[in-house]
Ligand SMILES: C[S@@+](CC[C@H](N)C(=O)[O-])C[C@H]1O[C@@H](n2cnc3c(N)ncnc32)[C@H](O)[C@@H]1O
């Protein structure tokens, strides 16, 4: 049987994946690398650090490890900012080596090219246990779902599930309630998704919700503070 996941190239030259079963890509077609930098680094980690310059370590929770792009950029961010990070990520469907070994994220920005080997190391790290990946970056990668996972207190949440149209069960209000309870006061959740329903649900739960400009090719995204 052929692999239902295919590598594609997005508009900024970086790879993403196309899931044939869901007919859905893992990132914006307008640029996977640019999207991750914008939604998760800039509007997630940078914003949190600006509000909390002295609170360390930073605890990040990611929904959907996938290609490892967000995890890898977070490792680079932690090293460059010298901020210790505890990164908790979950993924029910890990990629095969045949796929992850071809991803070109390490070639997207020469200034961070020396972090290239870490991308594969993140994929190879053991599932369901903690791993010290580098001086400032510790990761716990679990092969599980958001519905099942036991959460830890967190400062920054990368909500990077497939779109609500494709995987509506991952956008149910009770999952955001589950996350909200484990977010520390002042913590931030960031996502590429900009639906009115999501914003209303987050506001009902108690988040302070912000519409923010989206990454290239997308008008808006959502950021929400506890
Ligand atoms: C939009 S992709 C993004 C992945 C990743 N952040 C990246 O940059 O490649 C969504 C990811 O969520 C994963 N996923 C699917 N069902 C899930 C569930 N119930 N709980 C957590 N993650 C899930 C998918 O397998 C996929 O890897």
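Extension gain residue 114-residue 195, at 0.36 nm per residue separation less the Cα-Cα distance, in nm? Intermediate values should be presented prior to the final figure.
On the way: separation 81, 0.36 × 81 = 29.16 nm, distance 3.76 nm.
Net length gain for the segment: 25.4 nm.
What ranking of 132, 60 emerges when the number of other C-beta atoms within 10 Å of each C-beta is taken as an exposure proxy, fewest first?
Working: 132 10, 60 27.
Fewest to most other Cβ atoms nearby, the residues stand as 132, 60.
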### Task
Compute the distribution of all C-alpha to C-alpha distances in the chain, in bins of 10 Å from 0, and list the percent of pairs in each, rounded to whole numbers.
8, 35, 41, 16, 1, 0
### Query
With the chain treated as a Gaussian network of Cα nodes joined by springs under 10 Å, which of 17, 49, 75 yields the largest mean-square fluctuation?
49
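So what is the calculated 222 nm ellipticity per residue for the chain, using -39500 (n - 2.57) for each DSSP H run with n of 4 or more, over all residues, to the nearest 500 deg cm²/dmol? Intermediate results must be reported in sequence, preceding the final value.
Numbers: 7 runs with 56 residues, N = 226.
Taking each H run of at least 4 residues, the total per residue is -6500 deg cm²/dmol.
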### Residues 115, 192, 159 arranged by fewest to most Cβ contacts within 10 Å
115, 192, 159
### Exposure proxy ranking, count of Cβ atoms within 10 Å, fewest first, for 191, 10
10, 191
### Query
So how far, in whole Å, is the C-alpha centre of the stretch 150-226 from the one of the stretch 78-128?
23 Å
### Message
Antiparallel versus total DSSP beta bridges in the chain: what percent is that, nearest 5?
### Response
50 percent
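Rule-based calculations on the coordinates, nothing more; no lab input. What you are looking at is a predicted structure, and each value in this text was computed from that prediction instead of being measured. Every residue, glycine as well, gets a Cβ built from its backbone with ideal geometry; the counts of neighbours run over all protein chains shown.
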